[in-house]
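A.B. asks: Can you read through this structure? Questions will come right after.
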Amino acid sequence: MNNYRLESTEITNLFIQYIMDTASICVSKHVLATVKDSEVCSLFEFSLEVSEKHVKKLKDFFHEENFPIPDGFKEKDVNLEAPPLFVDSFWLYYQHTMSHIGLSSYALSFGNTVRQDMQDYYYQCNVDAMEVYKKCVAALLSKGLYENSPYYSTPSETKYVKNLGYALDVIGKKRPLNSAEAGNIFFNLTKTRLAKGVSLGFSQVTKNKDLRKYLETNIRDINKNYGLFSSLLQEENLNVPILLDTNVTNSTVAPFSDKLMAVITGFLTQSAISYYGTALGSSMRIDLIGHCETAILGLLKQLTKFGSVALNNGWIEKLPEANDRKELPIN
């Protein structure tokens, strides 16, 4: 089975994972150089070990395929002398969100893989991501920082939707959010608040004017989305995750390169599009569907701005391209 050539999806997954795991190594090293909390240190020591293990295996795959190893991120992309940009507890929220995204990404990679050796690899990646996630939840719970999504009363009987008003009646008194809708809103808000905290911190330390402008626009858009979706929960007296703005210190020294900070924020924007898409697909209230559509359109515009900044600064590595038959020499 390993004699099969890598398919486009397989090489893409390896390529992108290499970029993100080398980014994770840089983040983990900065955290370990700055945090004081022993639980946070323990979590990121494990995360660093996992990422380094992944990178070693990824390099083996690239060597076997005679594929050039991507640059990814290296020691020059992290400043271990920089003071903390975020308080210790922020990094628990950060790793909780990133490991959650990793679980989805590894599952997709596993499902797009044909070769047995790569299936085995992504199987282990899923196990690793689950272990990191479990450690994140345990640390958040032990510190009283874990925030539960809204609780719902147990229904007394099974009921069915019997008319279109369940979806369309949004003028005047709306029907209450169902558990899927409220759960997705809360879930997305936890990702939104992290993206804002990251953007706020990075905008404070970057010296790149284009990146700062992108981050400031990102913060404005995030504030709008956070305000809208949190109000939907508050209207029904359901709990809302707290913002992480106060978790940003007053440091003005960049802990990471502009390239790394751009890629992290771009990655969070890209991930948010898929989460709002999931919320849209499971919503049955027409106003909520419209809010999700608007949020996705706004994120797509932000992703375009990110692409412009990243391309203009030469921060995006090129994925393999199909052969251009028109450029082949004629005998």
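The values are calculated or read from the model by the stated rules, or taken from the named source; none is laboratory data. What you see is a predicted model, and the numbers here were worked out from it, not measured in a lab. When we count neighbours, we look across all protein chains shown, and the Cβ atoms used for this are built from the backbone with ideal geometry, even at glycine. Protein only, heavy atoms only, side chains kept; ligands, DNA and RNA dropped before computing areas. Shrake-Rupley method; radii C 1.70, N 1.55, O 1.52, S 1.80 Å.
A.B. asks: Just give me the residues in region 249-259 being surrounded by 22 or more Cβ atoms within 10 Å (Cβ to Cβ) and outside any loop (DSSP other than H, G, I, E, B), in sequence order. Even if it seems obvious, please write down each step before you answer.
C.D. replies: In the first step, residues of region 249-259 are kept if they are surrounded by 22 or more Cβ atoms within 10 Å (Cβ to Cβ); the result is 255-256.
Within region 249-259, 256 is the sole residue that qualifies.
A.B. asks: Let me ask you something else. Any idea how many residues of region 227-245 are in contact (Cβ under 8 Å) with a residue 40 or more places away in the chain and either closer than 30 Å to residue 175 by Cβ or surrounded by fewer than 19 Cβ atoms within 10 Å (Cβ to Cβ) (or both)? Give the steps one after another, and end with the answer.
C.D. replies: The initial filter retains those residues of region 227-245 that are in contact (Cβ under 8 Å) with a residue 40 or more places away in the chain, namely 228-230, 232-233, 236, 238-245.
In the following step, the residues that additionally are either closer than 30 Å to residue 175 by Cβ or surrounded by fewer than 19 Cβ atoms within 10 Å (Cβ to Cβ) (or both) were identified as 228-230, 232-233, 236, 238-243, 245.
Residues in region 227-245 being in contact (Cβ under 8 Å) with a residue 40 or more places away in the chain and either closer than 30 Å to residue 175 by Cβ or surrounded by fewer than 19 Cβ atoms within 10 Å (Cβ to Cβ) (or both): 13 in total.
A.B. asks: Consider residue 321 carefully, then state whether it is open to solvent by 50 Å² or more (accessible area, probe 1.4 Å) and more than 22 Å from residue 14 (Cα to Cα). Even if it seems obvious, please write down each step before you answer.
C.D. replies: On the way: open to solvent by 50 Å² or more (accessible area, probe 1.4 Å): yes; more than 22 Å from residue 14 (Cα to Cα): no.
Judged against the criteria, residue 321 is not a match.
A.B. asks: Among the residues of region 6-20, write down those that are at pLDDT below 90, open to solvent by 80 Å² or more (accessible area, probe 1.4 Å) and either assigned to a helix (DSSP H, G or I) or in contact with a helix residue (DSSP H, G or I) (Cβ under 9 Å, 6 or more places away or on another chain) (or both).
C.D. replies: Across region 6-20, the qualifying residue is only 8.
A.B. asks: For the condition part of a helix (DSSP H, G or I), touching a Lys or Arg at 6+ places or on another chain (Cβ under 7 Å) and at pLDDT below 95, what is the one hit in 214, 275? It would help to see each step written out before you state the result.
C.D. replies: Working: 214 fails: at pLDDT below 95.
Only one candidate qualifies: 275.
A.B. asks: Among the residues of region 159-208, write down those that are more than 30 Å from residue 248 (Cα to Cα), among the polar types (S, T, N, Q) and assigned to a helix (DSSP H, G or I). Spell out how you get there, then give the answer.
C.D. replies: Kept after step one, since they are more than 30 Å from residue 248 (Cα to Cα), are these residues of region 159-208: 159-181.
Subset that is among the polar types (S, T, N, Q): 163, 178-179.
Of everything in region 159-208, just one residue is more than 30 Å from residue 248 (Cα to Cα), among the polar types (S, T, N, Q) and assigned to a helix (DSSP H, G or I), namely 179.
A.B. asks: Between a first residue in region 193-209 that is open to solvent by 10 Å² or more (accessible area, probe 1.4 Å) and a second residue that is acidic (Asp, Glu) and part of a helix (DSSP H, G or I), which pairs have beta carbons less than 8 Å apart while being 6 or more apart in sequence or on different chains?
C.D. replies: 196/245; 200/245; 203/216; 207/258; 208/258
A.B. asks: To continue, here is another question. Quick one: what pairs do we get from region 137-160, first residue closer than 20 Å to residue 185 by Cβ, second open to solvent by 60 Å² or more (accessible area, probe 1.4 Å) and of a type in the set (Val, Ile, Thr), C-beta under 9 Å, 6+ apart or different chains?
C.D. replies: 147/242
A.B. asks: Further, regarding this structure: Of all residues in region 263-298, count the ones that are without any contact (Cβ under 8 Å) to a residue 60 or more places away in the chain, open to solvent by less than 20 Å² (accessible area, probe 1.4 Å) and hydrophobic (A, V, I, L, M, F, W, C).
C.D. replies: Of the residues in that region, 1 qualify.
A.B. asks: Next question. It is to be established whether one or more residues within region 155-165 are open to solvent by 70 Å² or more (accessible area, probe 1.4 Å) and β-branched (Val, Ile, Thr). Talk me through it step by step, then tell me what you get.
C.D. replies: Going through region 155-165, the residues open to solvent by 70 Å² or more (accessible area, probe 1.4 Å) turn out to be 155-164.
Next, from what is left, pick out any that are β-branched (Val, Ile, Thr): 158, 161.
Checked region 155-165: at least one residue is open to solvent by 70 Å² or more (accessible area, probe 1.4 Å) and β-branched (Val, Ile, Thr).
A.B. asks: While we're looking at this one, here's another question. Mind checking which pairs have a first residue in region 36-57 that is of a type in the set (Gly, Ala, Ser) and a second that is open to solvent by 50 Å² or more (accessible area, probe 1.4 Å), Cβ under 9 Å, 6 or more apart or different chains?
C.D. replies: 42/135; 47/135
A.B. asks: Would you mind finding the one in 112, 79 that is touching a helix residue (DSSP H, G or I) at 6+ places or on another chain (Cβ under 6 Å), open to solvent by 40 Å² or more (accessible area, probe 1.4 Å) and in contact (Cβ under 8 Å) with a residue 60 or more places away in the chain?
C.D. replies: Working: 79 fails: touching a helix residue (DSSP H, G or I) at 6+ places or on another chain (Cβ under 6 Å).
After ruling out the rest, the residue left standing is 112.
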